1. Could you give each residue of the range 638-643 its phi-based ³J(HN,Hα) in whole Hz, using Karplus coefficients 6.51, -1.76, 1.60 with θ = phi - 60°, and x for Gly or Pro?
2. Apply the Kirkwood formula to the range 626-720: the hydrodynamic radius equals the inverse of the mean of 1/r over all pairs of different alpha-carbon atoms; give it in Å with one decimal.
3. So for the range 570-625, considering every pair of alpha-carbon atoms, how many percent are separated by more than 18 Å?
4. At 4 °C and 1.567 mPa s, grab the translational diffusion coefficient of the range 274-362 from Stokes-Einstein with a Kirkwood Rh over Cα pairs, rounded to a whole number in µm² per second.
5. Under 10 °C and 1.306 mPa s, how fast does the range 460-581 diffuse according to Stokes-Einstein, given a Kirkwood radius computed over C-alpha pairs? Answer in µm²/s, whole number.
6. Taking H as built 1.01 Å from N, whose amide H comes closer than 5 Å to the amide H of A246, not counting residues under 5 places away?
7. In whole Å, what are the extents of the range 147-196 along the principal axes defined by its C-alpha atoms, from largest to smallest?
8. Regarding the range 336-473, what's the average projected area of the Cα-atom convex hull, expressed in nm²?
Amino acid sequence: MKNLIRSTFRSFGSTAIAACCLLLAATGCYENTHFLKDYGYRRQVHKQFLKRQGEADGRREALFSVFDRENLDVRQREALEFLYAYMPLCDLADGDGNFFLKQVNAAFAARSGFDWGKSIPDDIFRHFVLVYRVNNENLDTARSVFFEELKERVKGLSMAEAALEVNHWCHEKVTYRGTDGRTSAPLALARTSWGRCGEESTFTVAALRAVSIPARQCYTPRWVHTDDNHAWVEAWVDGKWRYMGACEPEPELDVAWFAAPSKRAMMVHTNVFGLYNGAEEKNVQTPLYSVINLLSTYAPVRKVTVQVTDEQNRPVEGATVKFKVYNYAELYPIVQSVSAADGTASIVSGMGDLVVWASKENRYGYAKSSPGGEVTTVQLSHASGRPYNETYTLNVPPEQSVAALPQEKIAANALRLACEDSIRGAYMSAFAPPATGGDRASGSYRKKLFLHKAQGNWREIADFMQTESANPYHLDFLASLSEKDLRDTPADYLRDHIRNGVKPDTTLPDSIYVSKVLSPRIALELIKPWRSFFRQPEVAREIAGEQPSAENIVEYARKNIELKDKENYYNCRLTPRGVYELKMADRRSRDIFFVAACRSVGIPAQVEEATGKPQYYESGRWKDATFDKKDTATRRSASLTLINAPSNIVKPGYYSHYTLAFFKDGDFQTLDFEDNPAASQFPFTLALDEGYYRLMTGSRANDGSVTVSAQHFELLNEKPLSLSVKMPEVAGKLFVKGIVDMNTVAAMSDGGKKSLKELSNNKGLMLCFVDVGKEPSKHILQDLPTQQKALEEWGGGIVLITPGDKLSKAFSAAAFKNLPAQTSWSIDANRSLLKAVANALQVDFRDEFPLAIYLSSNGGVLYSSIGYRIGIGEDIVKTIRMERETCSVKN
């Protein structure tokens, strides 16, 4: 019977599969061999598989030849069909069948290898174990590597014990450190040993799935009580989803430092690969994937309903509706929807304020939605071009406490964490040391610097520098890469680019040649070896023409690359070669393809950082590449000068305090000037396209609420404009929250003892209790250097305090660079100082580190912050200045 089935598949191809499946189902034969046991679901998957097979015809051999194997059984075939039917475009463009079959086989083997595998429902296994991708990471063989490392470690454990043990293993391998938005592959992260929370959670989900524990990555897309976001992990254990901090193991499941801040979240969600029929609330449901709403697991929730109307108060169907929160000085959409026939749209969200934004065609409107309110009406009464200013306040969900674990459990876990830190530290000690001394412009110093930045990838970078040392551009080439590129790019990939670079224009400045022609770094995509492929004469002629030009490449992309933004739902960029072969792409991958094709034939090109526009360099200036013929009209430039308002307590920073946004397609699109040094050096002038803009500023109060100010204006070529970046005032004055005895003695890390009064220098004192192994404390240690100058000018005391039970052998104060000069470290052996501060604040402190306070010289607590928060250093600088102003008024 099996030989007959295989013969049928070979003879008639994939289109015969459905008929064979129908025959098997009708006769009852091999029903137990099906991976997709539900007949209706199986038909849906197969139909979608055939559709994707047709779309990916340009990669037929790489993707679909795996189905021709004689030894492929029904379960394998159906699992592969499920993956192919719903995978994002990036995997259709750049994956291959052998890789996906190995993923299927490894998932099946792990399920049968552990006792808990039999208890996993088929749909949970299908969506949260079998799936090879977690988010937008590069794909690798982590599943099989992690399985081999973990299988004996979790053997014989219960499912809950195994989940906790996997997280301990993850902590041995990886710890938190902030980095850029590109997500390294799990094996690359293990090689480096650190990454941001999105990478840690990707790594941990991959590890859990490797041993057949269903897992998913959870995100709060943006906090509301502070800037930034966070990602963590949920594992399906014994019939229930349980949460954990990724690479941050605790003694129990459903325990994590983010338990308290997540109670203030307005959204927690996760992407689910494939057609998912789970019971969770769905924010998005498409034929390929779902975005499910998990907020009710973590926080009190409310249903937010909006009705969109026109100016005659008639319901508007088909309007785009975005539910937004303030974060990073912009209004960020946490959910996007479309209004129904009665004009309504709704979501489940948290107990804070939202800005609901609606648009259709050339009209838009917005309104604030607050807890306890009725249906929010949004009238499409706005059109671009009208200048106006506004100020409003957005409130956030209140703080809530969480139950603490028994101290003995915390202490025992801390011992394990310290051991794991030591294991990781021993591995990292073999990395290349920091570059020190000598001429920083010299080749030897630069080589040492690159090796150090490469971390666990240093041998690859050393190999590249050795083989390419004769190329005069090889060090400048490395300098054009991001630090993450140095950490996770193989030497062979880099050689593909530097050895195939061309410079037809000998007058081109070396700085432009290296960064905009020779360099493979374009946006935030993974570097792959595409240049030698595009240098092939037949490929180069097809794309760039006999006489290569950017215009020819634009025309090729316009005619041959079909845009399918929604089908690349994980936002992992297609490689330039993948775009060429698949002939489909999301918009940003198409733009990266254009830049790569230009650079391959020697034309300088870039994706402009602030606007995201693809551009090419011609006749001494940058020109926009326009793929839509409707946009080919020349855009006129206009001038905007931004000035720092004298009333600002601190100098505004881009994304910290203000943003600039351009109106397009019914909404304001934030321009990215974060890495533009001029954006914090006032006054500064920008050359922008003519159009309608919004300048947004925000000031956050101690309770997390924010006062927002927005200036809407039109920018015209013939009318240069100057605007003041003025941070809005926050209602309320300084008040004393409690008193700490300044004669209290602190034990310093050097063995000495000092009173708080001595440490204050009679100017005030910042105390910050930290758990240096956890992400929230690391944030404040990275935040303080940004306020170094202001804090040093102030001259008061800064003490970073580690409770004795949080002290690790791997801890070294020297690891934290650029802290203000007056910073000292203290060890609070029995938490006596921590208890005194908690008593002064009248709070029941439950290990929600960091706890930061600012004390006046007489011990009055003028500022306090408990738990995860971005910008604590800046908040304290503001408090110090407000204290000075108050004192000067009294005097």
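The values are calculated or read from the model by the stated rules, or taken from the named source; none is laboratory data. Bear in mind the structure is a predicted one, so any value in this text is a computation, not a measurement. Cβ placement follows ideal geometry from the backbone for every residue including glycine, while neighbour counts extend to all protein chains displayed. To get the accessible areas, we keep the full protein, side chains included, count just its heavy atoms, and leave off ligands, DNA and RNA. Shrake-Rupley method; radii C 1.70, N 1.55, O 1.52, S 1.80 Å.
1. Couplings: 9, 10, 10, 10, 9, 10 Hz.
2. Value: 14.9 Å, from the Cα pair sum.
3. So the pairs more than 18 Å apart make up 33 percent of the total in the range 570-625.
4. 91
5. On the way: Rh = 15.9 Å.
Answer from the Stokes-Einstein relation: 100 µm²/s.
6. Here V233 satisfy the definition.
7. 39, 19, 15
8. Working: hull surface 79.3 nm².
Taking the Cα atoms of the range 336-473, their convex hull projects to 19.8 nm² on average.
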